[in-house]
Amino acid sequence: MSLRKSYAAVLQLLRTKQGMTQTDISGAVTQAHVSHLELAKGSVTLDVAYELALALKIQPSSMFTLLLAAYAGRSAREVLRDCLTELEEMGIADQPLPAEPRPLPTTAMIEAKRKWKAVQELKARGLTQAEAAKELAMAKTTLRRLWYQAEETSYVQMTTQPFKAEP
């Protein structure tokens, strides 16, 4: 069975259980779109799924739980229990989560930080710029730039900031 078919079945089940028509829940989308979804002829976006759940007067997470349970041939309770176990194992079941993604360092930023650290370590050991450039097989101009560069450079900051959940 496909997720699309499971979603169609859950949407139809919830709508009929509430005694609602397709028109009753078609606030964010048209009745034709609701019909299209219930016939499993299209996929739903997260935004539309959210709006339809609210129109059905249930939590979007409840609707998604029912979708996953239907897809896997399990009960909603089993799915919820497994979800809670996973979230607890990751240590994020009881903490506020970020509402938006944070910028992450690119591979180039990580490599730049690695080079900067290597230069700073050789500098701290007392090597000259020429010796450090030779040991790192780095162009002298690049080494000179990293030699005098402060750690406050944005790519260094991005790669050293720990994850903090937003309130």
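The values are calculated or read from the model by the stated rules, or taken from the named source; none is laboratory data. The structure displayed is predicted, hence computed values, not measured ones. As a convention, Cβ positions derive from the backbone with ideal geometry for all residues, glycine included, and neighbour counts pool all protein chains shown.
Within the stretch 48-80, the set of residues being among the charged types (D, E, K, R) and without any contact (Cβ under 8 Å) to a residue 12 or more places away in the chain comprises 74, 77, 78. Entry remark, the stretch 48-78: residues being within 14 Å of residue 14 (Cβ to Cβ), buried (at least 18 other Cβ atoms within 10 Å of the Cβ) and either more than 25 Å from the chain's Cα centre (by Cα) or of a type in the set (Phe, Trp, Tyr) (or both) number 3 in total.
Residue check: is residue 45 polar (S, T, N, Q), farther than 20 Å from residue 10 by Cα and without any contact (Cβ under 8 Å) to a residue 24 or more places away in the chain? Against the criterion (polar (S, T, N, Q), farther than 20 Å from residue 10 by Cα and without any contact (Cβ under 8 Å) to a residue 24 or more places away in the chain), residue 45 does not qualify. Taking the listed residues 19, 27, 42, the one that is on the phi > 0 side of the Ramachandran plot, part of a loop (DSSP other than H, G, I, E, B) and not basic (Lys, Arg) is 19, with no other qualifying. If only residues of the stretch 79-98 that are within 23 Å of residue 11 (Cβ to Cβ) and either at pLDDT below 95 or of a type in the set (A, V, I, L, M, F, W, C) (or both) are counted, the one that is surrounded by the most Cβ atoms within 10 Å (Cβ to Cβ) is 79.
Answer yes if at least one residue in the stretch 14-27 is free of Cβ contacts under 8 Å to residues at least 60 places away in the same chain, under 22 Å from residue 74 (Cα atoms) and buried (at least 19 other Cβ atoms within 10 Å of the Cβ), and no otherwise. Yes, the stretch 14-27 contains at least one residue that is free of Cβ contacts under 8 Å to residues at least 60 places away in the same chain, under 22 Å from residue 74 (Cα atoms) and buried (at least 19 other Cβ atoms within 10 Å of the Cβ).
Within the stretch 50-58, is there a residue that is part of a helix (DSSP H, G or I) and in contact with a Leu (Cβ under 7 Å, 6 or more places away or on another chain)?
Within the stretch 50-58, one or more residues are part of a helix (DSSP H, G or I) and in contact with a Leu (Cβ under 7 Å, 6 or more places away or on another chain).
The set of residues from the stretch 99-145 being part of a loop (DSSP other than H, G, I, E, B), surrounded by 14 or more Cβ atoms within 10 Å (Cβ to Cβ) and out of contact with any helix residue (DSSP H, G or I) (no Cβ under 6 Å at 6 or more places or on another chain) comprises 127, 138. Of 101, 96, all but one fail to be touching a Pro at 6+ places or on another chain (Cβ under 8 Å) and over 30 Å from residue 143 (Cα atoms); the exception is 96. Taken together, the residues in the stretch 69-98 that are of a type in the set (A, V, I, L, M) and not in a helix (DSSP H, G or I) amount to 3.
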